[in-house]
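**Student:** Here it is: the structure, laid out below.
The values are calculated or read from the model by the stated rules, or taken from the named source; none is laboratory data. The shown structure was predicted, so the numbers you read here are calculated from the model rather than taken from an experiment. Counting neighbours? That spans all protein chains shown, and the Cβs are built from the backbone with ideal geometry, glycine included.
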Amino acid sequence: MSNLFGHSGSNNGGEGHGQNTSEPESSGNATDNTPDTETGNSDQSQTGNTSGPHYSVGIDLGTTHCVLSYVDLSTSDEDSYHQDVMAIPQLSSPGTVEDLLQLPSFLYQAHALELAEGATSLPWTAKPPFLVGEIARNLGSKTPIRLVSSAKSWLCHAGVDCKAAILPAEAPEEVERVSPFQATVAYLQHIRDAWANKHPGEPLSEQDVTITVPASFDPAARELTVEAARSVGLEKAILLEEPQSALYSWIEKSQGEWRKQVQIGDIILVIDIGGGTTDLSLIAVTQQDGNLELTRVAVGDHILLGGDNMDLALAYTVKAKLEQDGRRLEAWQIQALMHGCREAKEKIFSQTELDTIPLVVPNRGSSLIGGALRTELTREEVERVLVEGFLPRVASADRPIVRPRSGLRTAGLPYAQDAAITRHLAAFLAKQLSSTDELSDVKLPEHATFIHPSAVLFNGGVLKAEALAGRLMEVLNSWLTAEQAPEARLLEGADLDLAVARGAAYYGFVRKGKGVRIKGGTAASYYVGIESAMPAVPGMPPEIEALCIAPFGMEEGTEAVLPDDEFGLVIGEPVRFRFFSSNNRREDKAGDRLEYWTGDELDELDEIEITLPEEGRKAGEVVPVHLTSAVTEVGTLELHAVSRQDGKRWKVEFEVRAGEES
Amino acid sequence: MNYSIDLTLKPTTFDLWHVCLAGTVVLLGLILIVVLLAGLVSVARGKKKLIVETLKQSALLVPPKAPEPEVKIVEKIVEVEKIVQAPAPEPIVLKEATPDAALQLLNLLQKEARFIDFVMENITAYSDADIGVAARVVHEGCTKVMEEHFKLAVIHEGQEGATVTLPKGFDASSIRLIGNIVGEAPFTGVLVHKGWQVTDMNLPKLTSGHNVKILAPAEVEL
C-alpha cells in the first residue's frame with residue numbers, strides 16, 4: 001500500500017462541503033461552453049477558467065485499482081508542468097473515511113443488517129448507493145460471497161451480457177447482483193463525487209477527462225466504458241490505451257530527455273503487468289519531417305494473469321508445505337496467507353540480504369499467542385514459484401500451453417491457462433513479426449522469426465521487483481542475441497504504480513497541441529461474417545466470408561464506407577452478424593473479403609446487431625443498405641447501416657450479449 | 001373641667017383649627033397613596049424586566065428556563081468585577097487530549113497489529129518462542145500503522161553514543177538535558193537517544209455516528 005503523505009495538504013480541502021451531493025452535471029445547459037470534444041481549444045484554455053476546462057484529468061480505471069491524476073491546464077505549459085495524483089476519500093472500514101491514492105476496484109453488497117446506521121457515510125453523501133473502494137475489499141476478504149471484483153475483465157468477456165446483473169458470480173440467490181457495467185459506473189461515480197468534494201465549483205464533467213482502457217479491449221468493451229462515463233455525466237470523456245498512457249507518462253517524466261533516449265527505428269515494447277491482467281504493446285519510433293514520431297504498431301491479447309496470481313501461487317506453495325506437516329488450512333487462513341505472502345514477497349525482492357521471511361497467520365480469536373500458525377517463506381521458494389513459474393527461461397519459439405477446457409468448468413472469467421508470461425510474450429512477438437513492414441524507418445533482419453524490440457518500458461507494480469524485471473529482460477535479450485540482434489535496453493524512470501493515470505492526464509495536455517502524440521488508431525482490424533453464395537451442403541454449415549469493415553490503425557475521426565457490399569435489411573427485425581477482429585492482419589483494406597484465414601488470425605467477438613425501426617415504413621419491407629465504420633474522437637468504433645434510398649443511418653449495436661448463448 | 005372625649009361628637013363650628021386638622025388628614029392620606037403607588041410601580045418594573053428576559057430566552061431556547069437568566073447575570077457581573085480588580089495573572093489552560101483520536105489510534109493498532117489482544121493476554125505461561133511469533137504480528141502491524149498515518153523524523157541527526165554540542169538557544173522542548181547540568185550554553189555531552197518527532201500525521205476521518213469506543217467488534221461467522 002502506498003504511503004499517504006505528500007498529498008495530505010489537500011486533504012482538508014473538501015471538509016466544509018460535507019453535504020455537497022453533487023448531482024451529475026448534464027451538459028445540456030452548457031450554452032456558453034462550446035462542446036469542445038476536439039482540438040483547437042488551446043487558445044481557450046489560456047484565456048482563463050471561465051471558458052474551457054481548467055484541468056486535464058486522467059482516470060486509470062484498473063482491474064484492481066483506480067487512480068486519478070490531474071494537470072492544471074491554466075498554469076501548465078511545456079516549461080512548467082504541474083501534475084498531481086488526487087487522494088480519493090473512501091471508506092476504509094465501517095465508520096472511517098480515509099484519503100488514499102488508489103481506489104480499489106471492488107464493490108461490496110452488504111447485508112441489510114450487516115452495518116450500523118450511518119457507518120457508511122462519505123463526505124458527500126450519507127448513504128452511497130454501493131460500497132466501493134478499500135471498505136469493499138476489506139469486508140469482502142472476510143465475506144467473499146458478497147464481493148464484486150474484476151468487473152473490468154468481465155466487460156470484455158465474450159458471451160456475457162455486461163448489463164445483466166451477474167456479479168458476484170458465485171453468490172447465493174438472495175445476494176443482490178450487479179452487472180459489470182453497473183460496477184464500472186459505481187467506481188466512476190465515486191471518483192466523480194470525490195473530485196467534486198475536493199474541487200467544489202469545478203465539476204469533473206467540465207474538465208478534460210481521459211479514461212484508460214487495456215489496449216486489448218474490444219469495441220464493445222470500449223463502448224461500454226464510454227457509456228459508463230456518460231451515465232455519470234462525463235460527457236466529454238475520451239479513451240486512451242493503457243500502454244500508450246504509460247509511455248506518455250515516461251515522456252512527461254523525462255522532461256524532454258526522451259528524445260535522447262530513443263532513436264529513429266526503435267521498437268519500444270511496453271510490458272504492463274497489473275494486478276489482474278498483462279497487456280503488451282509495440283510502439284515504433286519513426287520520423288516525419290525531421291521530427292520524432294511515435295506509432296503504436298501492435299497490441300496483444302487480453303491475458304488474465306497478473307500480480308494477484310503470483311500472491312496466490314505463493315500462498316498455495318506455503319499451504320502445501322503446511323499440509324505436509326499434517327495441518328489443514330481453512331479458507332480464511334489461505335486468505336491471510338496470501339496477504340502475508342504479498343508482503344513477504346516484496347520484502348524478499350527489495351532486501352537482498354534476507355533469505356527467509358517468517359510468515360505468521362494469527363488465530364482469529366482474541367488470544368494472539370496460542371494458536372498462531374507459523375511458517376517461513378524462503379528466497380528459494382519465491383524465486384522458484386515466481387521467477388521460474390511466471391517468467392521461465394523459454395525459447396522464442398515456445399508458445400503458451402493450451403489445455404482443452406474441462407466441460408465442468410463453472411461460468412467464470414477465462415483466466416490464462418499458462419502462467420508463464422514469457423511464453424505469452426514469445427507468442428506475441430512472433431505474431432507481430434510483420435507489424436512494422438510498412439514503416440521504412442524500422443528494419444528487421446531477414447532471418448528474424450519474431451519482431452525485435454530495441455527498448456522496453458515496464459508498467460505495473462509487479463515489475464518493481466528487481467528479480468522479476470531482471471529475468472524478463474534476461475529472457476528477452478537471450479532471444480535477441482540468438483538472432484544476432486542487439487540487446488534491448490530498459491527505459492528508466494517510469495513510475496510503475498501511477499504511470500497510467502499520470503500519462504492519461506498528460507495526454508489531455510498533449511491534445512492541446514503541447515507535446516508529442518502517439519499515433520495509434522484502431523488496435524485491430526474488424527470483420528463481419530457473411531454467408532458466401534454457395535449451394536447448401538447437407539450437414540455442413542454454410543461457408544462464411546469475412547468482410548473487412550475497419551482496417552488496422554484506422555485513425556480517430558475517420559470513416560470507411562463500403563458502398564459495394566449491399567445488404568437487404570428487413571424493417572423491424574433484428575439482423576445479426578458474426579463479428580471478428582484481427583490484430584495481425586494489417587494489409588486488409590475496408591471492403592476486402594477473406595475467404596480463408598487461419599485460426600490465430602481472426603478472433604471471433606460477440607455478434608453485432610442491426611434493427612431498423614419502422615419510422616413510417618411498413619414492417620417486413622426490405623431496405624437495401626451498406627455499412628460504414630468510423631472511429632470517433634472518443635476512441636470508440638462505430639458501425640452504421642446506411643440506406644441506399646435516402647441516406648438514412650442506423651447504428652449497429654455491439655452490446656447484444658443478452659443471455660441467449662450463455 | 002371634664003376632659004373626657006366624646007367621639008360621637010361632630011364639630012359644629014367650622015373654625016381654623018378644624019380646617020388645619022382636616023388638611024393634615026388629607027395630606028397624610030395623599031402621602032400614603034403616593035408611597036404605596038411608588039412601591040407598586042417599582043415592583044411592576046422589576047417584573048416587566050423579568051418577563052422580557054424570559055421571552056428573549058424562550059425565543060432562543062425552546063424550553064423556557066425562567067430562573068437561569070438571573071443567575072447568569074449575577075455571574076457575569078462577578079466576573080467583570082474580578083477582572084477589573086485583578087487583571088494580572090492569566091488563567092493556565094491545560095490542553096485536554098481528545099479521546100476520539102486516542103481511541104482511533106488504539107482501534108488502528110488493534111486492527112492492523114492485534115495490539116489490544118497482545119497486551120491484554122497473560123503471557124507468563126508461554127515460551128519466548130511463542131511470544132516471539134506473536135510479536136512479529138504486532139511489530140509488522142504497528143509499523144504499518146506508523147507508516148500509513150504518521151511521518152516520523154529523528155530530532156538529532158548525530159550518532160547515539162557520540163559527543164555532540166548544543167549551541168546557544170537550542171530548543172529545550174525537543175532536546176532534553178540530563179545529568180550534570182551546570183554552566184552555560186554551548187553544552188557538550190553524549191547523545192543518549194536521538195529522539196523522535198512526528199512531522200505529519202493523517203488519521204482517518206470518522207463518520208458522525210461512529211462509536212470509537214468499539215476497538216474491535218465481536219466477530220460471528222455464519
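**Student:** For B:SER174, work out the one condition from (1) within 14 Å of another protein chain (Cβ to nearest Cβ); (2) at pLDDT 90 or above it doesn't fulfil.
**Tutor:** So B:SER174 meets the others, but not (1).
**Student:** Follow-up question, since we're still on this one. Yes or no: A:PHE217 within 19 Å of A:LEU637 (Cα to Cα) and in contact with a Lys or Arg (Cβ under 8 Å, 6 or more places away or on another chain)? I'd like the intermediate steps shown before the answer.
**Tutor:** Working: within 19 Å of A:LEU637 (Cα to Cα): yes; in contact with a Lys or Arg (Cβ under 8 Å, 6 or more places away or on another chain): no.
Considered against the rule, which asks whether it is within 19 Å of A:LEU637 (Cα to Cα) and in contact with a Lys or Arg (Cβ under 8 Å, 6 or more places away or on another chain), A:PHE217 comes out as no.
**Student:** If A:GLU252 meets every condition in (1) farther than 22 Å from A:PHE428 by Cβ; (2) buried (at least 24 other Cβ atoms within 10 Å of the Cβ) apart from one, which number is that one?
**Tutor:** (2)
**Student:** Okay, next question. What pairs come out if I take residues in segment A:371-385 that are within 13 Å of chain B (Cβ to nearest Cβ) and pair them with residues that are buried (at least 16 other Cβ atoms within 10 Å of the Cβ) and polar (S, T, N, Q) whose C-beta lies under 6 Å away, six or more apart or interchain?
**Tutor:** Qualifying pairs under 6 Å: A:GLY371/A:ASN363; A:ALA372/A:ASN363.
**Student:** Output the residues belonging to segment A:379-397 that are in contact with a Phe, Trp or Tyr (Cβ under 8 Å, 6 or more places away or on another chain), exposed (fewer than 15 other Cβ atoms within 10 Å of the Cβ) and closer than 20 Å to A:GLN351 by Cα. Give the derivation first.
**Tutor:** Step one: list which residues in segment A:379-397 are in contact with a Phe, Trp or Tyr (Cβ under 8 Å, 6 or more places away or on another chain), which gives A:382, A:395-396.
Of the ones still in play, those that are also exposed (fewer than 15 other Cβ atoms within 10 Å of the Cβ) are A:395.
Listed by number, the list is empty, since nothing qualifies.
Here is a yes/no grid of residues against (1) out of contact with any strand residue (DSSP E or B) (no Cβ under 9 Å at 6 or more places or on another chain); (2) at pLDDT 85 or above; (3) closer than 26 Å to A:TRP332 by Cβ:
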| residue | (1), (2), (3) |
| --- | --- |
| A:ILE59 | no, yes, no |
| A:TYR81 | no, no, no |
| A:HIS111 | yes, yes, yes |
| A:LYS127 | yes, yes, no |
| A:ILE135 | no, yes, yes |
| A:ILE145 | yes, yes, yes |
| A:LYS152 | no, yes, no |
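**Student:** I would also like to ask the following. Which of the residues that make up segment A:335-368 are touching a helix residue (DSSP H, G or I) at 6+ places or on another chain (Cβ under 6 Å) and of a type in the set (Val, Ile, Thr)?
**Tutor:** Across segment A:335-368, the qualifying residues are A:ILE348, A:ILE357, A:VAL360, A:VAL361.
**Student:** Ok, one more. What number of residues within segment A:345-379 are within 36 Å of the chain's Cα centre (by Cα), hydrophobic (A, V, I, L, M, F, W, C) and closer than 23 Å to B:ARG114 by Cβ?
**Tutor:** Matching residues across segment A:345-379 total 5.
**Student:** Report, by residue number, each residue of segment A:415-472 that is in contact with a strand residue (DSSP E or B) (Cβ under 9 Å, 6 or more places away or on another chain), surrounded by 19 or more Cβ atoms within 10 Å (Cβ to Cβ) and more than 20 Å from A:LEU491 (Cβ to Cβ).
**Tutor:** A:ALA416, A:HIS424, A:LYS431
**Student:** Could you say whether any residue in segment A:559-568 is free of Cβ contacts under 8 Å to residues at least 60 places away in the same chain and exposed (fewer than 14 other Cβ atoms within 10 Å of the Cβ)? Before the answer, list the steps.
**Tutor:** So in segment A:559-568, the residues free of Cβ contacts under 8 Å to residues at least 60 places away in the same chain come out as A:568.
So of that shortlist, the ones also exposed (fewer than 14 other Cβ atoms within 10 Å of the Cβ) come out as A:568.
Yes - at least one qualifying residue is present in segment A:559-568.
**Student:** When you check A:ALA395 against the structure, is it in a loop (DSSP other than H, G, I, E, B) and away from chain B (no Cβ under 14 Å), yes or no? Write out each step before concluding.
**Tutor:** Details: in a loop (DSSP other than H, G, I, E, B): yes; away from chain B (no Cβ under 14 Å): yes.
It is true that A:ALA395 is in a loop (DSSP other than H, G, I, E, B) and away from chain B (no Cβ under 14 Å).
**Student:** Can you tell me which residues in segment B:155-191 are surrounded by 13 or more Cβ atoms within 10 Å (Cβ to Cβ) and part of a strand (DSSP E or B)?
**Tutor:** Passing the criteria: B:VAL164, B:LEU166, B:PHE187, B:GLY189.
**Student:** To continue, here is another question. Consider only pairs whose beta carbons are under 6 Å apart and that are at least six residues apart or on different chains; among these, list those whose first residue lies in segment A:449-477 and is of a type in the set (S, T, N, Q) and whose second residue is modelled with pLDDT of 90 or more and part of a strand (DSSP E or B).
**Tutor:** Filtered contacts from segment A:449-477: A:SER454/A:ILE267; A:ASN459/A:ASP272.
**Student:** Got a number for residues in segment B:192-211 being more than 8 Å from chain A (Cβ to nearest Cβ) and either closer than 16 Å to A:THR120 by Cα or not in a loop (DSSP other than H, G, I, E, B) (or both)? Reasoning before the result, please.
**Tutor:** First, the residues of segment B:192-211 that are more than 8 Å from chain A (Cβ to nearest Cβ): B:192-199, B:201, B:203.
So of that shortlist, the ones also either closer than 16 Å to A:THR120 by Cα or not in a loop (DSSP other than H, G, I, E, B) (or both) come out as B:196-199, B:201.
Of the residues in that region, 5 qualify.
**Student:** Given the criteria touching a residue at least 12 places away in the same chain (Cβ under 8 Å), out of contact with any Lys or Arg (no Cβ under 9 Å at 6 or more places or on another chain) and loosely packed, with under 13 Cβ neighbours inside 10 Å, does A:GLU573 qualify?
**Tutor:** Values: touching a residue at least 12 places away in the same chain (Cβ under 8 Å): yes; out of contact with any Lys or Arg (no Cβ under 9 Å at 6 or more places or on another chain): yes; loosely packed, with under 13 Cβ neighbours inside 10 Å: yes.
Spelling it out, A:GLU573 is indeed touching a residue at least 12 places away in the same chain (Cβ under 8 Å), out of contact with any Lys or Arg (no Cβ under 9 Å at 6 or more places or on another chain) and loosely packed, with under 13 Cβ neighbours inside 10 Å.
**Student:** So for segment A:322-332 (the condition being within 20 Å of B:LYS144 (Cβ to Cβ) and within 14 Å of another protein chain (Cβ to nearest Cβ)), does at least one residue qualify? Spell out how you get there, then give the answer.
**Tutor:** Here is the first cut: in segment A:322-332, the ones within 20 Å of B:LYS144 (Cβ to Cβ) are A:332.
Now drop any that are not within 14 Å of another protein chain (Cβ to nearest Cβ), which leaves A:332.
Yes: segment A:322-332 contains one or more residues that are within 20 Å of B:LYS144 (Cβ to Cβ) and within 14 Å of another protein chain (Cβ to nearest Cβ).
**Student:** Next question, about the same structure. Of everything in segment B:111-138, what is under 23 Å from A:THR96 (Cβ atoms) and either within 9 Å of another protein chain (Cβ to nearest Cβ) or surrounded by 20 or more Cβ atoms within 10 Å (Cβ to Cβ) (or both)? Give them in sequence order. Please lay out each step first, then the result.
**Tutor:** Here is the first cut: in segment B:111-138, the residues under 23 Å from A:THR96 (Cβ atoms) are B:111-120, B:137-138.
B:LYS111, B:ALA113, B:ARG114, B:PHE115, B:ILE116, B:ASP117, B:PHE118, B:MET120, B:VAL137, B:VAL138 - these are the residues of segment B:111-138 that are under 23 Å from A:THR96 (Cβ atoms) and either within 9 Å of another protein chain (Cβ to nearest Cβ) or surrounded by 20 or more Cβ atoms within 10 Å (Cβ to Cβ) (or both).
**Student:** Taking segment B:144-165 only, how many residues are away from chain A (no Cβ under 14 Å) and charged (D, E, K, R)? Show your work before the answer.
**Tutor:** Of segment B:144-165, the ones away from chain A (no Cβ under 14 Å) are B:154-165.
When the remaining residues are screened for being charged (D, E, K, R), the result is B:157, B:160.
Here the count works out to 2.
**Student:** Now a separate question. Got at least one residue in segment A:64-76 being free of Cβ contacts under 8 Å to residues at least 60 places away in the same chain, of a type in the set (D, E, K, R) and either within 14 Å of another protein chain (Cβ to nearest Cβ) or not in a loop (DSSP other than H, G, I, E, B) (or both)? Spell out the reasoning first.
**Tutor:** As a first pass, look at segment A:64-76 and keep what is free of Cβ contacts under 8 Å to residues at least 60 places away in the same chain: A:72, A:74-75.
Now restrict to residues that are of a type in the set (D, E, K, R): A:72.
Pick out the ones that are also either within 14 Å of another protein chain (Cβ to nearest Cβ) or not in a loop (DSSP other than H, G, I, E, B) (or both) and you get A:72.
Yes, the conditions are met somewhere in segment A:64-76.
**Student:** Next question, about the same structure. Which condition number in (1) surrounded by fewer than 18 Cβ atoms within 10 Å (Cβ to Cβ); (2) at pLDDT 85 or above; (3) within 24 Å of A:PRO144 (Cα to Cα); (4) within 14 Å of another protein chain (Cβ to nearest Cβ) is the one that A:LEU312 fails?
**Tutor:** Evaluating A:LEU312 over (1) surrounded by fewer than 18 Cβ atoms within 10 Å (Cβ to Cβ); (2) at pLDDT 85 or above; (3) within 24 Å of A:PRO144 (Cα to Cα); (4) within 14 Å of another protein chain (Cβ to nearest Cβ) leaves (4) as the failure.
**Student:** Looking for something aliphatic (A, V, I, L, M), buried (at least 18 other Cβ atoms within 10 Å of the Cβ) and either part of a helix (DSSP H, G or I) or modelled with pLDDT of 85 or more (or both) - is there at least one such residue anywhere in segment A:321-333?
**Tutor:** yes
**Student:** Can you confirm whether segment A:362-372 contains a residue that is in a helix (DSSP H, G or I) and surrounded by 17 or more Cβ atoms within 10 Å (Cβ to Cβ)? Can you show your working first?
**Tutor:** Here is the first cut: in segment A:362-372, the residues in a helix (DSSP H, G or I) are none.
Within segment A:362-372, none of the residues are in a helix (DSSP H, G or I) and surrounded by 17 or more Cβ atoms within 10 Å (Cβ to Cβ).
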